[in-house]
Amino acid sequence: MNGRLLDRHDLGSALIPLLSDLRAYARFLAAQRAEADDLVQEALVRALVALPQFRDGTNLRAWLFAILRNTFFEQARRKRTERAVLARSPAHDEPGVPAQEARTDLADLQRHLFALPPLLREALVLVGAQGITYEEAAQICGVPVGTVKARVSRARTQLGRVMQPHAPEFDAACVAPDAA
């Protein structure tokens, strides 16, 4: 790391190839496409604000993924607080959520993926879907490499358990290839 500050033009040039990866990662963190797009936009705004903290030679992808991840968990904490406040307020009628009719394998996988705890889903998506190494995922999440490996393993095991009735030949090692 040579300590040179990255300017906004340099960031823009380096950022363009990473946008699709950021959107894909955000899509797995957030359940809805619109939420994912909002998450990417908020993370990019935060990256621009934090630009003076970025040093040339730092892994830009990991830095942006960490900002995206932190933004997601901050918003999740805020939503939990809002729900807790609403739960203490008087009840009001809310329309029911329509049942999902489509039963495709992809829809089942998506449903089961989003049923995983966020930390397990995040690790599986980073390593499996994004093809990030365990080391990079650990840097993004701010945890030891072993923690990422354990989370990926638990996520694969849980997915294998719930997908077993739908795919008898399921092999947990096929959920996401090892990136290490």
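Points worth noting:
- Within segment 53-69, the set of residues being hydrophobic (A, V, I, L, M, F, W, C) and more than 18 Å from the chain's Cα centre (by Cα) comprises just one member, F54.
- Which numbered condition A123 fails, given (1) at pLDDT 50 or above; (2) among the hydrophobic types (A, V, I, L, M, F, W, C); (3) more than 26 Å from I67 (Cα to Cα): (3)
- Residue in segment 29-52 that is at pLDDT below 90, closer than 19 Å to C141 by Cα, within 12 Å of the chain's Cα centre (by Cα) and assigned to a helix (DSSP H, G or I) present: yes
- Verdict on A36 being surrounded by 15 or more Cβ atoms within 10 Å (Cβ to Cβ) and touching a helix residue (DSSP H, G or I) at 6+ places or on another chain (Cβ under 7 Å): yes
- Those residues of segment 120-129 which are touching a helix residue (DSSP H, G or I) at 6+ places or on another chain (Cβ under 6 Å) and closer than 21 Å to W63 by Cβ, in sequence order: A123, V125, L126, V127
- With respect to the stated conditions, L19 is under 23 Å from A138 (Cα atoms), loosely packed, with under 15 Cβ neighbours inside 10 Å and at pLDDT 90 or above.
- One residue stands out in segment 132-165 among those that are of a type in the set (K, R) and in contact with a Leu (Cβ under 6 Å, 6 or more places away or on another chain): the one that is surrounded by the fewest Cβ atoms within 10 Å (Cβ to Cβ), namely R154.
The values are calculated or read from the model by the stated rules, or taken from the named source; none is laboratory data. In this text the structure is predicted, and so the values were computed from the model without any measurement. As a convention, Cβ positions derive from the backbone with ideal geometry for all residues, glycine included, and neighbour counts pool all protein chains shown.
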